[in-house]
Amino acid sequence: MWFGSFSAFLVITDPDYAKVLLGRGDPKDNISYKHLVPWIGNGLLILHGPKWHQHRKLLTPGFHYDVLKPYVALMAESTNVMLDKWDKLIADGRPVELFEHVSLMTLDSIMKCAFSCHSDCQTNRKNTYIQAVYDLCHMVDQRLRIFPYHNDIIYWLSPHGFQFRKACRIAHDHTDKVIQERKESLKDEREFEKIQKKRHLDFLDILLCAKDENGAALSDEDLRAEVDTFMFEGHDTTASGISWLFYCLATHPEHQQRCREEIQGILGDRETIRWEDLGKMPYSTMCIKESLRLYPPVPGVSRQLSKPITFPDGRTLPEGSVTAISIYLIHRNPKVWKDPLFQVFDPLRFSPENVSGRHSHAFLPFSAGMRNCIGQQFAMNEMKVALALTLLRFELLPDPATPPLKITRIILRSKNGIHLYLKKIR
Ligand code: HEM
């Protein structure tokens with residue numbers, strides 16, 4: 001695949017090759033990830049080598065289930081705000097474009113979980129930080145699509161480059177302020193137990209309390225990079241996952257109904273969902289996985305080989321080659337997904353019997369190996385919470401007049417949004 005006239009990616013669609021590539025520690029390529037750096041800095045997504053190792057080790061405790069547990073209530077709160085909005089919107093009987101609503105919901109949720117920041121961004125779009133994050137996601141996509149903008153001088157002198165810098169300043173000022181304020185408040189209580197007695201631990205607490213084996217904490221620049229990285233990685237991806245899941249269930253009412261019955265069976269008359277419920281949703285989990293197979297929010301990852309590679313079949317690639325591991329194409333590779341209807345939405349592909357014996361790298365929504373997604377448990381929880389609360393309140397129906405048009409803009413989106421009819425059931 002050519003990127004402009006000078007850069008070529010070798011696209012990998014076979015899980016055997018993906019397994020070898022993801023098992024090595026090659027760095028990310030310098031074409032697709034570099035436009036994110038002025039915003040998210042050198043955080044976990046971009047770093048490589050010993051510094052990546054150090055950060056990954058420091059940040060892993062931030063995804064321990066003790067930390068994730070109280071997030072369920074925050075995710076439910078954010079989902080309910082979105083559903084209340086939908087309640088009002090459907091009064092005119094028209095379909096709703098979900099993607100933008102879901103994006104604001106997941107942004108609201110990560111803000112609460114990561115920063116304990118209640119921004120009201122779903123109802124109040126005047127918050128300059130939220131607007132900046134939203135704009136930055138769009139501008140990173142835009143820069144990747146407009147080839148002359150790959151050149152730094154052209155981009156930074158263009159009106160879009162100017163807007164990007166302005167939005168970055170707003171985002172960085174906000175992140176710096178939040179970090180400084182939290183640092184002040186943590187001065188006397190740098191221990192998890194003391195913080196936990198007062199309120200739930202958030203991601204920022206973990207970052208600020210993190211120390212390596214030599215007692216070294218993260219620098220201010222590193223802290224900011226990690227917070228901005230999680231803000232980006234932690235909301236756009238889940239928004240895509242949830243929106244495509246709703247589309248799959250709208251177009252497959254029989255599976256939607258089975259999920260609803262499963263959720264009603266767990267929750268009974270309760271209107272909210274708890275941590276313990278999330279492990280009791282096997283059918284819904286299979287539907288989420290099948291939707292992630294057909295519509296992986298991160299459709300591909302890429303690597304630049306730091307040394308030559310020889311695959312088990314004897315083929316080789318030289319040092320410096322750029323490989324794009326297409327998660328999307330691996331998920332639809334008929335050689336792996338033996339069923340001739342490999343494009344069909346069939347949650348039972350993820351039943352325990354069907355999973356056993358499948359290639360370890362046939363299903364890679366969160367990538368694999370040491371650079372896999374650190375937020376996958378967070379993401380799965382958020383998808384389950386959003387699915388459960390939504391299906392209890394609404395029936396999802398497709399809008400045949402506006403089918404989604406898949407498009408990759410770093411993450412998998414729809415060119416024309418995702419339009420569904422919502423019928424109130426509770
Ligand atoms: C459905 C939702 C999500 C999907 C499909 C997803 C997918 C991925 C994939 C494929 C990668 C590998 C990227 C690469 O190699 O370039 C990745 C990395 C990462 N993800 Fe996620 N992600 C999701 C949600 C999240 C969430 C909620 C967070 C944070 C709260 C998060 C944080 C990260 C970080 C920090 C990395 C870099 C990890 C490293 O290199 O050590 N992700 N994600």
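Laid out as a table, the results:
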| quantity | calculated |
| --- | --- |
| Gain on full stretching of the segment that runs from residue 211 to residue 30 - 0.36 nm per residue minus C-alpha separation | 62.2 nm |
| Rg/Rh for region 149-274, where both radii come from Cα atoms and Rh is the Kirkwood radius | 1.13 |
| Set 166/187; 19/57; 280/415; 28/69 screened for pairs whose C-alpha atoms are more than 25 Å apart | 166/187; 280/415; 28/69 |
| C-alpha center-to-center spacing [region 70-123, region 224-286] in angstrom | 13 Å |
| Inter-part distance where region 340-410 and region 151-177 are each reduced to a Cα centre, Å | 34 Å |
| Per residue value of the accessible surface for region 83-163 (all protein chains in place, 1.4 Å probe), Å² | 46 Å² |
| Cα-Cα over 23 Å, subset of 85/423; 85/406; 289/338; 85/384 | 85/406 |
| Fraction of accessible area attributable to carbon and sulfur, the chain (%, probe 1.4 Å) | 56 percent |
| Cα-centre dipole for region 2-424 with unit charges at Cβ (Lys and Arg positive, Asp and Glu negative), debye to 20 | 600 debye |
| Positive minus negative residues near residue 144 (Lys, Arg vs Asp, Glu; Cβ under 11 Å) | +3 |
| With eigenvalues of the C-alpha gyration tensor scaled by 5 and rooted, region 259-374, Å | 35, 17, 11 |
| Backbone N under 16 Å from the residue 315 label point (7 Å along Cα→Cβ), restricted to region 13-33 | 13-22 |
| Coarse-grained scattering of the chain at q = 0.07, 0.10, 0.12 Å⁻¹, given as base-10 log I(q)/I(0) from a Debye sum over alpha-carbon atoms | -0.34, -0.73, -1.08 |
| Reciprocal mean inverse distance between Cα atoms of region 251-291 - Kirkwood radius, Å | 10.7 Å |
| Neighbour-limited loop hits for trypsin sites (Lys or Arg not before Pro), region 93-180 (at most 12 other Cβ within 10 Å; DSSP other than H, G, I, E, B) | 125, 126 |
| Sites residue 173 and residue 343, calculated FRET efficiency, Cβ-Cβ separation with R0 41 Å, nearest 0.05 | 0.30 |
| Unit charges at the beta carbon, dipole of region 2-424: most positive-side option, 123, 206, 41 | 41 |
| Separation in nanometres of the label points that stand 7 Å from Cα toward Cβ, at residue 270 and residue 184 | 3.9 nm |
| Estimated distance in nm for a label pair at residue 370 and residue 351, the labels positioned 7 Å out from Cα along Cα-to-Cβ | 3.9 nm |
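The values are calculated or read from the model by the stated rules, or taken from the named source; none is laboratory data. All values reported here derive from a predicted model rather than from experimental measurement. Using ideal geometry, Cβ is built from the backbone for each residue, glycine included, and neighbour counts are taken over all protein chains shown. Protein only, heavy atoms only, side chains kept; ligands, DNA and RNA dropped before computing areas. Shrake-Rupley method; radii C 1.70, N 1.55, O 1.52, S 1.80 Å.
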